[in-house]
Every structure is written in C-alpha cells, then in structure tokens.
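Below: one structure, written as structure tokens.
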Amino acid sequence: MAIIGIDLGTTNSLACACRDGKMVLIPNPLGEFLTPSAVSVGEDGSIYVGAVAKERLVTHPGVSVASFKRFMGTGRVFCLEGQSFTPQELSSFILRQLREDAERFLGEEVTEAVISVPAYFNDNQRYATKQAGKLAGIHVERLVNEPSAAALSASRISGREEGCYLIFDFGGGTLDVSVVDYFDNVIEIIAVSGDNRLGGDDFDRLIAEKFCETRGMVYDELEAGERAELLRLAEKCKRGLTVQKQAEFIYGAGGEAFHLTNVELAEMGQKIFERIGQVVSGALSDSGRTIEEIDEVVLVGGSAKMPAITFYLQAYLGKKPCVIGSPDEIVAVGAGIYAGIKERREEIKDLVLTDICPFTLGTNVVNYSDRSNPVMSPVIERNTILPSSRTRTYTNSYDGQAHISIGIYQGESYYCSENIELGRIEMDILPKKKGEACFSVTFTYDINGILEVEVADLQQNKKLWKTLTSGSVRVSEEEIEERIKEMRDYKLMPPGGIRTMLVQARGERLFRQFLGRRREAVAAVMEQFQRALLETQNDQQIIKLAKEAEAAFDALEG
Ligand code: ADP
Ligand code: MG
C-alpha cells in the first residue's frame, strides 16, 4: 500500500512517490509526467482526462472543462452532457487518473495521498480538495501548502538545510509569490501574495494579439476555433523561446512565418512584468524581509521557465533566481517528500508546518464622512501566523447609542462594502455619551480556518459570540458515501486506449481548424490510422501507428 504526493494544479497535475529514498515522478499512459487538468465527457458517458480532454476543449467545448480548480469550494456547478459536476467531482477524475497511473507504475495499491494546495486556499477550498480525494477513493489526511512543498524540495535538492526562500510560482493562469522560512526543520510561510488572473496564458494571448496586429486582424473578432488555434501556436512559440533566442510560427495555409525574439517578447510583456513586480514587492514587504535577507529566489511553475521572467526578476530584485530541478515538477516532488515521510509512518516528526491567515479579518467602524458606508477595522491581519487570537476595543459613535451591530468582514478593502461579510453580531448596550461606552471584539482564528468572534460590553459584563466556518454548504457523510458510489460508475478511459483516443481527438481538432489541403491531409492520416487499427490487436503495433499519426499531425501543424 502506497502513499503518493500530488500537485493538483490549475493547468497541470502530477504525482510523485518516494522509492528507495529517491523521489520518482509517475508517468501517465502517454509516458508524460504532466497531465493537463482537463476533463471531458464522451458520448457514451465515459470520462476523458488529460491530453485527450484538452484536445476536446476545442472540438467538444460543451462537454469539456479545464481550470476548474479556480472554483474549488464555491457553489459553482459545471453542466457537461446533461450531467452536473462540482469542481471537486471534476478534480476527483484527475486524482483517480493519477492514482490509477501510480498503481500501475508502482505495482501497489494507492490508498492515501498528500495533496498540495495554494497557501491562500481558505477552509472551504481545503475541504473541497479533501472531498475530491475521497471521491477518487483516496484518503487525504494531509494537505500541504504549495510554497512549503516547493521550499522543502528546493532545500532537499540544493542541499541547503536552512534558509529563507522567496518562492516565485508562475503557472498557467496564476501567480503566487511566498516568503518561506526553513529553520530547525520548521517550515513557516511568512507571507503570501498573488494574482490569480496572471499567468503563462497571458503571454500566449499577447503573442496572438501581436500576430493579429501585424496582419491587420482583430483578435477578438476571430472565431473561437481560430482563436484556439492561434493560441496554441503562440504557446508553442513561447516555449520555443525558452530554448532559443528566436521562434516562429505560421498561421493558416500559405501564411507568412511570424518571428518573435525573447527581447521582443520582453518588450511586449511590460504590463505583465509590472503586475509581477507588484506581487513580488507585496510579498516581500508583508514578510518584513529585505531582498538581502532572502537566501534563494526559487523558480516554480511552467511559466517560470521563460528566460524573460528570469531576466526580469534578476533586474527587479538585483538577485539571480535559481532553478532547482524542473520548475513544473518541484511542488509535486515536495508533496512526494511528505508522502514518503508519512509512508514510513515516522509521522512528520521534526517537520512542523505552521500556517498563516491569507486575508485580513476585521469589523466595521463608522466612516464620519459617510455614515452609510462603514470602513474596515482590521482585527487579524493577513499573513498572521495561525492559530491567532486578537482583541480590539471600540466605543459608541454617538450620544445615547443603545445598540451596536458588529459586522465580521474578510478582505483588504478600506470600505466594508467591498469586502466579504461573513456574519454579524447584534448587541444592546447601555446608552452613554459618545466615547464613553467600551466594548471589545475578539477574533480567534484556528488552524482549520474556523473563526470565533466574541463581543463583550465591558461595562455590563455581557458577552455574545458566534462561530463561523466560512460560507459554503457542508455535505453529510451519507451524501458523500452516496456520491462516491455514483462517481465509481463513471469509467475512465483504459490506459491502452488513450494513445489512439488522443490521435482521434487531435485529428478532429485539426480537421475543424484547417481548410483546403491541410484539412484533406488530416482526414487522410485519420483514415489510414483507423484502417490500420482494424488490422492489428498488437499493443506495440498500435503504439507505433499512433506515433506515426502524431508525427504526421506535428508536420501539418508546423
Ligand atoms: P499550474 O500550476 O497552473 O497547473 P504549470 O506550472 O504546469 O501550471 O504551468 C503551466 C504554464 O507553463 C502554461 O502556461 C505553459 O504554457 C507554461 N510553460 C510550460 N513549459 C514552458 C516552457 N518551456 N516555456 C514557457 N512556458 C512554459
Ligand atoms: Mg502549480
């Protein structure tokens, strides 16, 4: 029985196990470590996960989804082929795929996993992630914060036992920057900052828009299929720029090649870099550290591989970021280390993980310039180490005030109306002259994300309190058991069929995108492939045929 570590990403997911003291990444049926976090429902109700589902996002948009991690812990429901799925159910398909891949690869049953989550994930999002594990038949006792996992693997790989790390995690659609301390075997997240609408996708889009500009086209006026094709070419071009100074692509039959250099990309990305700079300085200033006090700037996430990013960070911070291992694998390796420690049943004995509150919690106070629009009075500030209990005292705001209404808010805005209201406590107080009443508000936030608020009128010796677990609905154990059974009825693609399915899905996408000669060529490759399939049952032969078809598609796609 094995325990594995899983990086359940917005764009890509991967799993890692500890074997003979070494960290091994788990290959999927296509032999790759990264499985796109995409899910698609087939006509027969079977579930496609990964590369096939990613192709189907273009050809079957109504029954395919990606980026659902963004909606974990919310009430959002995705409707695919007449069936509804929550984000945790969609995530459970990815987890099941990873589990099955790991079982095949390790030759053991996988019963438990350590899953990494963003540091800013609130209790609902963490709960939803655990549910996803349950629905996939995996016990998830421990979640680990992504920056902690990255710091742990950075420290193991680099051999630097202790230090202060700035973890720069730049993925497909999210940027997370954290300052993490690793001393005396304690990993402590000192600060987190991020932009959850900034990632590698923005560069793809930038390249696509630039292309349109030079061709007198308007990106937003392209059809969905054309946009998808252009973005795919742009992404490939962007990846090309990590290994060479210049890359190019051809869009459409008979089109002229579009050339791009790293220098041009860096110029085009000015706005993106500015936003990155803000996030980085936000994390640094919240941490109270100077860049000199940071021992390593660690590059994490697929987009951190871009030379333009390294270059920018070095100029901005005056410190060279380091690449430790492969940026898009480092979080999974960290989760794998935790899994390894658990597996040996040594408990995480000398590794204590502390947590932080990722947002500010506060209450409302009078805004004297506009009484109808109260302002925020922070009680527990973001990045406070948990558990935490803080008290602030307040007074009445006008003569004879007999009632107070204490709002409980989460967020960083000056005005309460722009923050999230979590709850409210109403209390009658003894009427006094303005400024003479005295009451205290205590917020206690524990490690599980449960907030308790107590309001005390100090003159009356009267206390009221409220316990809040942020927003969403909790499901009962029976409901979960029921849903686990239902989820089991969905069949994942058998591993042997994934390669042929991918040829089929990619062929369908290309047929839709191309016109004229290239379209005919795609049809010919598909026909030849399908005919050949009918004549063989041999797995090796099938893989060979699929690889030939893929090579033919590669040539057509340029
Ligand atoms: P997430 O954490 O969001 O799941 P990843 O860390 O896997 O995502 O990053 C995915 C992003 O990384 C995509 O935008 C992809 O284009 C980008 N990426 C992957 N490899 C490279 C590369 N070699 N050069 C530039 N960008 C890359
Ligand atoms: Mg990631």
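The values are calculated or read from the model by the stated rules, or taken from the named source; none is laboratory data. No experiment lies behind these values; they were computed from the predicted model shown. Positions of Cβ are backbone-derived with ideal geometry, glycine not excepted, and every protein chain shown enters the neighbour counts. The protein model used for the area step is the full one, side chains on, heavy atoms only, and it has no ligands, DNA or RNA in it. Shrake-Rupley method; radii C 1.70, N 1.55, O 1.52, S 1.80 Å.
Among the listed residues Phe529, Phe511, identify the single one that is under 18 Å from Thr59 (Cβ atoms) and open to solvent by 60 Å² or more (accessible area, probe 1.4 Å).
Phe511
Could you list all residues from region 136-149 that are in a loop (DSSP other than H, G, I, E, B) and open to solvent by 20 Å² or more (accessible area, probe 1.4 Å)?
Result: Gly137, Glu141, Arg142.
For every residue, the table says whether it meets (1) of a type in the set (S, T, N, Q); (2) away from ligand 1 (no atom under 16 Å from the Cβ); (3) without any contact (Cβ under 8 Å) to a residue 12 or more places away in the chain.
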position	(1), (2), (3)
Gln83	yes, yes, no
Leu90	no, no, no
Glu108	no, yes, no
Val117	no, no, no
Gly159	no, yes, yes
Gly171	no, no, no
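Kindly list the number of the only condition in (1) at pLDDT 90 or above; (2) buried (at least 18 other Cβ atoms within 10 Å of the Cβ) that fails for Asn419.
It is condition (1) that Asn419 fails.
Looking at (1) more than 29 Å from the chain's Cα centre (by Cα); (2) assigned to a helix (DSSP H, G or I), which is the only condition Gly497 fails?
Of everything listed in (1) more than 29 Å from the chain's Cα centre (by Cα); (2) assigned to a helix (DSSP H, G or I), Gly497 misses just condition (1).
Against the conditions (1) closer than 18 Å to Glu55 by Cβ; (2) free of Cβ contacts under 8 Å to residues at least 12 places away in the same chain, where does Gln537 fall short? Just the number, please.
(1)
Identify, please: which residue in region 173-186 is buried (at least 24 other Cβ atoms within 10 Å of the Cβ) and of a type in the set (Val, Ile, Thr) and is, among those, farthest from ligand 2 (Cβ to nearest atom)?
Looking at the filtered set, the residue picked out is Val179.
Among the candidates Arg519, Arg512, which residue alone is modelled with pLDDT under 90 and either farther than 30 Å from Glu426 by Cα or in contact with a helix residue (DSSP H, G or I) (Cβ under 8 Å, 6 or more places away or on another chain) (or both)?
Matching residue, one of Arg519, Arg512: Arg512.
Tell me whether region 313-327 contains one or more residues that are in a helix (DSSP H, G or I), within 15 Å of ligand 2 (Cβ to nearest atom), surrounded by 21 or more Cβ atoms within 10 Å (Cβ to Cβ) and modelled with pLDDT of 95 or more.
no
Hey, can you tell me all the residues within region 219-255 that are of a type in the set (Asp, Glu) and within 16 Å of ligand 1 (Cβ to nearest atom)?
Glu229, Glu235, Glu248
Residues that are open to solvent by less than 30 Å² (accessible area, probe 1.4 Å) and within 16 Å of ligand 2 (Cβ to nearest atom): list the strands (runs of 3 or more DSSP E) wholly contained in region 232-304 that include at least 1 such residues.
Ranges flagged: 296-300.
Residues of region 208-227 being surrounded by fewer than 18 Cβ atoms within 10 Å (Cβ to Cβ) and of a type in the set (A, V, I, L, M), which ones?
Listed by number, the residues that qualify are Met217, Val218, Leu222, Ala224.
When the residues of region 26-41 are filtered to those that are within 20 Å of Pro118 (Cα to Cα) and of a type in the set (S, T, N, Q), which remaining residue is nearest to ligand 2 (Cβ to nearest atom)?
So the residue we want is Ser37.
Within region 191-207, how many residues are more than 17 Å from Val279 (Cα to Cα) and open to solvent by 10 Å² or more (accessible area, probe 1.4 Å)?
Matching residues across region 191-207 total 4.
Return the residue satisfying two criteria in turn: it lies in region 416-456 and is closer than 17 Å to Thr393 by Cβ and of a type in the set (Val, Ile, Thr), and of such residues it is nearest to the chain's Cα centre (by Cα).
Among those that are closer than 17 Å to Thr393 by Cβ and of a type in the set (Val, Ile, Thr), it is Thr444.
Quick one: what pairs do we get from region 223-249, first residue over 16 Å from Lys54 (Cα atoms), second part of a helix (DSSP H, G or I) and open to solvent by 90 Å² or more (accessible area, probe 1.4 Å), C-beta under 7 Å, 6+ apart or different chains?
Phe249/Lys236
So, Asn373, is that one part of a loop (DSSP other than H, G, I, E, B) and open to solvent by less than 30 Å² (accessible area, probe 1.4 Å) or not?
No, not satisfied.
Return the pairs, sorted by first residue and then second, in which the second residue is open to solvent by 30 Å² or more (accessible area, probe 1.4 Å) and of a type in the set (Phe, Trp, Tyr), the first residue lies in region 502-525 and is within 22 Å of Val52 (Cβ to Cβ) and in a helix (DSSP H, G or I), the beta carbons are less than 8 Å apart, and the residues are 6+ apart or on different chains.
Close Cβ pairs satisfying both conditions: Arg519/Phe511; Val522/Phe511; Ala523/Phe511.
Does region 150-172 hold any residues that are modelled with pLDDT under 95, open to solvent by 10 Å² or more (accessible area, probe 1.4 Å) and either of a type in the set (A, V, I, L, M, F, W, C) or within 10 Å of ligand 2 (Cβ to nearest atom) (or both), and which are they?
Answer for region 150-172, where residues must be modelled with pLDDT under 95, open to solvent by 10 Å² or more (accessible area, probe 1.4 Å) and either of a type in the set (A, V, I, L, M, F, W, C) or within 10 Å of ligand 2 (Cβ to nearest atom) (or both): just Ile157.
Does any residue in region 121-133 that is closer than 22 Å to Leu422 by Cα come within less than 8 Å, Cβ to Cβ, of a residue that is β-branched (Val, Ile, Thr) and in a helix (DSSP H, G or I) six or more places away or on a different chain, and which pairs are these?
Sorted first by the residue in region 121-133, then by its partner, the pairs are Phe121/Thr129.
Can you find even one residue in region 337-350 that is open to solvent by 40 Å² or more (accessible area, probe 1.4 Å) and modelled with pLDDT of 85 or more?
No, region 337-350 contains no residue that is open to solvent by 40 Å² or more (accessible area, probe 1.4 Å) and modelled with pLDDT of 85 or more.
Every residue in region 175-197 that is within 11 Å of ligand 1 (Cβ to nearest atom) and at pLDDT 95 or above, please.
Listed by number, the residues that qualify are Leu175, Asp176.
Take the residues in region 442-494 that are basic (Lys, Arg) and either touching a Lys or Arg at 6+ places or on another chain (Cβ under 9 Å) or not in a loop (DSSP other than H, G, I, E, B) (or both), then tell me which one is modelled with the lowest pLDDT.
Among those that are basic (Lys, Arg) and either touching a Lys or Arg at 6+ places or on another chain (Cβ under 9 Å) or not in a loop (DSSP other than H, G, I, E, B) (or both), it is Lys466.
For residues that are more than 9 Å from ligand 2 (Cβ to nearest atom) and not in a strand (DSSP E or B), scanning just region 1-25, find the one that is least open to solvent (accessible area, probe 1.4 Å).
In this case the residue turns out to be Gly21.
Looking at region 1-43 only, could you name the residues that are acidic (Asp, Glu) and in contact with a Gly (Cβ under 9 Å, 6 or more places away or on another chain)?
Once the filter is applied, which keeps residues that are acidic (Asp, Glu) and in contact with a Gly (Cβ under 9 Å, 6 or more places away or on another chain), region 1-43 yields Asp7, Glu32.
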